[in-house]
Amino acid sequence: MNNPRQHQSLILRVTGYFLLPLLILFSLFMLLRGHNEPGGGFIGGLVAAAAIVLYMIFSDVKAARRLVAVDPRDLLGWGLAIAILSGLPGLFLGQPFMTSQWMELDVPMFGMLKVGTPLLFDIGVYLVVIGTVLTILLTLAEAED
Amino acid sequence: MNTLLAIAVGVLYTTAIYMILRRSIVKLVIGLMLLSNAANLLIFTSAGLTRHGPPLIVEGSTEAAAVVADPLAQALILTAIVIGLGVLAFAVVLIHRAYEVVKADDMDQMKDTDT
Amino acid sequence: MLYALLGGFGVAALAAWLHRLTGRHSGWILALWPATLLLYFLSFLPDINSGTVLFFYDWIPSLQIRLSFRIDGLSLLFALLISGIGLFIVAYAGRYLEGHRDLGRFYVILLAFMSSMLGVVLADNLIALFVFWELTSITSYLLIGFNHEDASARRSALQGLFVTVGGGLALMTGLILLGQVGGSYELTELLDNGDAIRQHALYTPILLLIVLGAFTKSAQFPFHFWLPNAMAAPTPVSAYLHSATMVKAGVYLLARLHPALGGTELWSALLGTAGAVTLFIGIWLAVRSTGIKKMLAYSTVMALGTLTLLIGIGSEQALAAAMAFLLAHSLYKGALFMIAGIIDHETGSKDLRDTGGLFRAMPVTAVVAGVAALSLAGVLPMFGFVAKELLFESVLDDPRTWLLAMVVAGAVMTVAVAALIGILPWYGQPVATKKIPHEAPPALLAGPVVLATLGLLGGLFAPWVDQHLLAAATSAVAGTPVNPDLALWHGINPALGLSLFSLIAGLLLYRWHDGFRTATAFTDTLAKRGPERGYDWLMAALVRIAETQTRFFQSGYLRYYLMITLLTSMSLVWLVIGMKGDGLRLHLDLRDVQFHEAVLIFTLMAGAITAARTTSRLGAVAALGAVGFTVALLYVMFSAPDLGITQVLVETLTVILLVLVLFRLPGFLKLSSTALRVRDAIVAASVGVTMTALVLFALDARLYDSISHWHIAESLPSGYGRNMVNVILVDFRALDTLGEIFVLALAAIGVLAMIRLRAEDKRHE
């Protein structure tokens, strides 16, 4: 997508700017509600990655890289690390690796919330999916130049 | 409906294999994409089709509805779809690299290991 | 116990480093490990008559594979031999191979072998036993091929490996069958279950397979040829592996399984015949050789044959004879091999005809050699005599007189061999040798001296040895408590007569030894057509078959690989359906199809066909998009919202991916003729039809209850989630998901690497 900016449609670009934060927010929403409604780490990750890729198409690769701020490769590492980490608490309690642990939190305004290691795991999945898609597509787009 | 979908799976497999057997590497890529859809649908159909029974428990209820689609098959396919994307990307880039080295679209010119 | 075994591998791992650290004393230092083991095993000696000691460690519990070990008379006898002789061998090797650049590696393999061998004789679990068994084969291969720059050593190593591992394959099958039939993989349970096993329909195949494994390992005819060739190994290895320990593993296995498998006519016929033939051929070839190590190797073949024969006869006396013979043989043969190494080391000659009159240069060695040779010949009062007496008595009791003839002929020739080794190099006219001979240093002499002395003491105190070790060993082999009453003097009986006869005849044979060799030279041509030729032919045939097969299958064309794979798997599927598919029924029912669903399926099929037939890349991408989004709709319609969302997102990203890469590849080419396209279409259609049929069969055949019920029921109570798919992904099957995201990350890194590589290529241009 080596698109000189002057050829870019203004409408697309503005939409891109406005759409992006909404899509990222939506991806987080998908991630967090995943345990109870359709969604989850895979879907959330794909939404976020798609949003950034769309942004890349609307502007250019360098802008997209600046936007992500971290190297997508690091996201892979962090995602995997978080996913593995979420399996450890069970291990310390003498259960098999990856046994889920839950606790109830009393959050004002929300009431009782169940928080557990599976959520942490899903966040790891989310990061890995974003990292994978962005690593592949951003590198490919850059290679084109 | 199961029967019809099974036939569709067969058609997908046929087209996928046919494309994979071609000498043109671009066609090989297209075959791979068809194949991953075919395999996912194969699992999906084999697990049995359910209308109006998503594997969700309705808010407020404590038990699943009496008829619910097989969640295990769905979990399997969900990861397969995403991995399919990763593997496809890998294959496409690999083929592209091979094309750059061999400078040919013909699989038959890629049979030497020492290029 | 576990430390005693696995510690050996640890010491082996450190051996090379220790060797570099300690230099020329490394042999003695490393010998501390087998010495420790020897003391450890000796501590079991006082209680050995009170029964079996068992040790358990879980290994792969789900497959019934336990690391369980047993110490009874038989395994203790072997463990003592392995660690005791091992102690002297390690010290000996340090001196014998001093300055050799690969000595460190030698220690590593030798110690690893020692631990493996201990594993074989101590394991109580069949699978564990087999694993250790194969480890001894591998370490033996590495040790025979130690001088890896020598082509013949490499060849011999490979030969030994192929023969023993080939037999190991049969053994594995046999052991697994035995475990299935006997209902357990634990020896402890199997040995009590002998009657049931012997009456089982699979008894004959089990016996044949296990015997095949044991015969190859213990160099029984017709597999005896690998053992003399294995003498390419350095002498400490020959002394240790190929006479005292490893080659006895086959004998050990037969003895060990005797309570479970033995006592039948087949057992007796098989082992008796093979043992007697091996015995005779082995000693015949021994008398005819002139190389010292070759001669010892063939006489080892004789000893192994004798042991097999005795276990085959299976009477209490024969089993006692086997245990006594085994102990006697390990002692004198270990000593004699080490002496052969000393002669080689000090004079540089490997052939009997190049030596003579060495007594003056090395008197101690000469005396020790004489004592060991006396035990080999079975002369009073050596322990070898005790063993030989028992051997004669057991064979006299067996109805097969031809066995007796073989054994007596063997004994005569054994005496001749003993005389050749015990007399020829030491006395008479000194022969000029390559090196000036000197008395051997203590590290080389320690082993022969101790082993030969033990052979003498064993004879003098035969009842003591019997009560404290051999009675327990014999009982373990017999499966019932036995008291064999070993004694040096059995009184005047037929066995003593045979002993005397063999002694005199053997000495006569020694006297006219040269004449005998010339007179029997005709057997050499016979030997050349022996089983070794069969081995060579088999290996050549194997290579030829591999070449033909490779030319046929490895064409280098992707599509032919795929076609072969696909057609094979399709044929297998239909074969199974044809053979076992009686109850299968195709699920054919189109009544429940709704109109919009039919339209969707039609779009899907049309999209797939268009993608396959179009001539433009853009058309193909569009058609694929149609397929992908239709599939997504199908997911949503049939209660899989998560899949639908995922499919839509992936489809979008796929299009972007294709735009980025596919259009930088050339356009479609039509490369195949119409005939080829038709052929491919037929192959593809056969796969498609098979898949459709499989789905239709699967829909109506449910062999097992679905495991999904549990996931549906437990999603909320244990997973605290109302979306079952997500609960499965992140909780119930999270480990699988973890593997999957690793695959994703790998794919991404792979893409990254390939593109970065290209960038570097460009920079080089």
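The values are calculated or read from the model by the stated rules, or taken from the named source; none is laboratory data. None of these values were measured; they are calculated from a predicted model. In this analysis, Cβ positions are derived from the backbone assuming ideal geometry, glycine residues included, and neighbour counts consider all displayed protein chains. With ligands, DNA and RNA removed, areas are computed over all heavy atoms of the protein, side chains included. Shrake-Rupley method; radii C 1.70, N 1.55, O 1.52, S 1.80 Å.
What to note about this one:
- Residues being surrounded by 14 or more Cβ atoms within 10 Å (Cβ to Cβ), free of Cβ contacts under 8 Å to residues at least 60 places away in the same chain and assigned to a loop (DSSP other than H, G, I, E, B) - total across the stretch C:146-159: 0
- The stretch C:625-641 residues that are under 21 Å from B:Thr50 (Cβ atoms) and among the small types (Gly, Ala, Ser), paired with ones that are open to solvent by 30 Å² or more (accessible area, probe 1.4 Å) and modelled with pLDDT of 90 or more (beta carbon under 6 Å, 6 or more apart): C:Ala632/C:Val648
- Considering the stretch C:85-98, the residues that are open to solvent by 10 Å² or more (accessible area, probe 1.4 Å) and not hydroxyl-bearing (Ser, Thr, Tyr) include one that is nearest to C:Leu32 (Cα to Cα), namely C:Leu87.
- Checklist (1) modelled with pLDDT of 90 or more; (2) closer than 20 Å to B:Gln74 by Cα; (3) surrounded by fewer than 22 Cβ atoms within 10 Å (Cβ to Cβ) applied to C:Arg733, failing item: (1)
- Among (1) part of a helix (DSSP H, G or I); (2) open to solvent by less than 10 Å² (accessible area, probe 1.4 Å); (3) aliphatic (A, V, I, L, M) - the single one C:Leu327 does not satisfy: (2)
- Residues (surrounded by fewer than 20 Cβ atoms within 10 Å (Cβ to Cβ), among the aliphatic types (A, V, I, L, M) and either at the interface with another protein chain (Cβ under 9 Å from one of its Cβ atoms) or farther than 25 Å from C:Tyr635 by Cβ (or both)) located in the stretch C:606-620: C:Ile609, C:Leu618
- Within the stretch C:703-716, restricting attention to residues that are within 8 Å of chain B (Cβ to nearest Cβ) and not polar (S, T, N, Q), the residue that is surrounded by the fewest Cβ atoms within 10 Å (Cβ to Cβ) is C:Ile707.
- The residue pairs whose first member lies in the stretch C:720-743 and is facing chain B (nearest Cβ under 9 Å) and assigned to a helix (DSSP H, G or I), whose second member is of a type in the set (Ser, Thr, Tyr) and open to solvent by 10 Å² or more (accessible area, probe 1.4 Å), and whose beta carbons are closer than 9 Å, counting only pairs six or more residues apart or on different chains, are C:Val727/C:Ser718; C:Val727/C:Tyr720; C:Phe732/A:Ser100; C:Phe732/C:Ser718.
- In the stretch C:42-58, the count of residues that are in contact with a Leu (Cβ under 8 Å, 6 or more places away or on another chain) and of a type outside the set (A, V, I, L, M, F, W, C) is one or more.
- Test: residue in the stretch C:566-584 that is open to solvent by 90 Å² or more (accessible area, probe 1.4 Å), modelled with pLDDT under 85 and more than 33 Å from the chain's Cα centre (by Cα): yes
- When the test is whether a residue is free of Cβ contacts under 8 Å to residues at least 12 places away in the same chain, part of a helix (DSSP H, G or I) and surrounded by fewer than 18 Cβ atoms within 10 Å (Cβ to Cβ), C:Ala747 does not pass it.
- Residues in the stretch C:281-301 that are open to solvent by 10 Å² or more (accessible area, probe 1.4 Å) and under 27 Å from the mean Cα position of the chain (by Cα): C:Ile281, C:Lys293, C:Lys294, C:Tyr298.
- Within the stretch C:99-112, one or more residues are open to solvent by 60 Å² or more (accessible area, probe 1.4 Å) and at positive phi.
- For the stretch C:453-487, a tally of residues being β-branched (Val, Ile, Thr) and in a helix (DSSP H, G or I) returns 4.
- Checking each residue in the stretch A:61-79 for being over 19 Å from A:Ser27 (Cβ atoms) and either within 12 Å of chain C (Cβ to nearest Cβ) or at pLDDT below 80 (or both) picks out A:Val61, A:Asp71, A:Arg73, A:Gly77.
Yes/no matrix, rows are residues, columns are (1) over 12 Å from the mean Cα position of the chain (by Cα); (2) crowded, with 24+ Cβ neighbours inside 10 Å:
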{"position": "B:Pro71", "(1), (2)": "yes, yes"}
{"position": "B:Ala80", "(1), (2)": "no, no"}
{"position": "B:Leu88", "(1), (2)": "no, no"}
{"position": "B:Lys103", "(1), (2)": "yes, no"}
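- C:Leu590 being more than 14 Å from chain A (Cβ to nearest Cβ), within 27 Å of A:Gly39 (Cα to Cα) and either open to solvent by 10 Å² or more (accessible area, probe 1.4 Å) or not in a loop (DSSP other than H, G, I, E, B) (or both): no
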